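No lab work stands behind these numbers, since they all come straight from the coordinates. Given the structure is predicted, the values throughout are model-derived calculations rather than measurements. Quick reminder, even Gly has a Cβ in these numbers, built from the backbone with ideal geometry, and neighbours come from all protein chains shown.
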Amino acid sequence: MKKQNKDARMAEIEATAYALLAEQGYENISMLKIAKAAKASNETLYNWYGDKKGLFAAMIRKNASQTLAEIEQAISRDEKPDETLRRAAHTLLTMLMSDNAIALNRAAAADPTGELGKVLNTEGRETVAPKFLPLLTEVVGQSQAQGGLQIFLSVLIGDWQIRRVIGVMDQPAPSEIDVRVEDAMTILEQLA
């Protein structure tokens, strides 16, 4: 199978997995259910992903890599550091509040082995957060950057992610995300 065709087929399978995850929860779906719903062979899924955890780990990596690419694109623009930080923060928070990201967080929480949670942490926060450090260094200075990053992300994300995961908050509108980004920027500017 050509790479382009395989990538498209994988995207279809992963979209099916997201849909089943939303409908039935991580613990109630199997590779066979996903294969049937995606009109794929069970063998194909096992060959491409290894097992159910492998499939969801691949979905986590893809979600994180798409966000990382958008953040890197924002960073590469020739803008003032604070504007770049705003754009990157908006991208990050939009992704974290997306239905797919919330579904993956729920899957990680439902995995009794903790393996998906480790992948989520490694591919998510540990990979994405350091990309903000050079921007924060330019905005608040070297001495405040590391601590500023933790404060910035805490204010930016707050309890929204967990509230979405437990189902007590709807996906925020872009205007609500804008307000949250500005709140985080205001706190950060006080550190400068």
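Cβ-Cβ under 8 Å, sequence separation 6+ or interchain: first residue in segment 115-143 and within 28 Å of MET59 (Cβ to Cβ), partner crowded, with 22+ Cβ neighbours inside 10 Å and among the polar types (S, T, N, Q). Which pairs?
Listed by first residue and then by second, the contacts come to VAL128/THR67.
For residues in segment 111-128 being under 11 Å from the mean Cα position of the chain (by Cα) and hydrophobic (A, V, I, L, M, F, W, C), which is surrounded by the fewest Cβ atoms within 10 Å (Cβ to Cβ)?
Per the criteria, the residue is VAL128.
Just the residues that are in contact with a helix residue (DSSP H, G or I) (Cβ under 7 Å, 6 or more places away or on another chain) and either within 30 Å of ALA22 (Cα to Cα) or of a type outside the set (Val, Ile, Thr) (or both), please, taken from segment 179-192.
Step one: list which residues in segment 179-192 are in contact with a helix residue (DSSP H, G or I) (Cβ under 7 Å, 6 or more places away or on another chain), which gives 180-181, 183-185, 187-188, 191-192.
ARG180, VAL181, ASP183, ALA184, MET185, LEU188, LEU191, ALA192 - these are the residues of segment 179-192 that are in contact with a helix residue (DSSP H, G or I) (Cβ under 7 Å, 6 or more places away or on another chain) and either within 30 Å of ALA22 (Cα to Cα) or of a type outside the set (Val, Ile, Thr) (or both).
In segment 7-24, how many are touching a residue at least 24 places away in the same chain (Cβ under 8 Å), farther than 21 Å from GLY124 by Cα and out of contact with any Leu (no Cβ under 8 Å at 6 or more places or on another chain)? It would help to see each step written out before you state the result.
Initial filter on segment 7-24 (touching a residue at least 24 places away in the same chain (Cβ under 8 Å)): 9-10, 12-14, 17-18, 21-22.
Then keep just the ones that are farther than 21 Å from GLY124 by Cα; that gives 9, 12-13.
Among the residues that remain, those that are also out of contact with any Leu (no Cβ under 8 Å at 6 or more places or on another chain) are: 9, 12.
Summing the residues that are touching a residue at least 24 places away in the same chain (Cβ under 8 Å), farther than 21 Å from GLY124 by Cα and out of contact with any Leu (no Cβ under 8 Å at 6 or more places or on another chain) in segment 7-24 gives 2.
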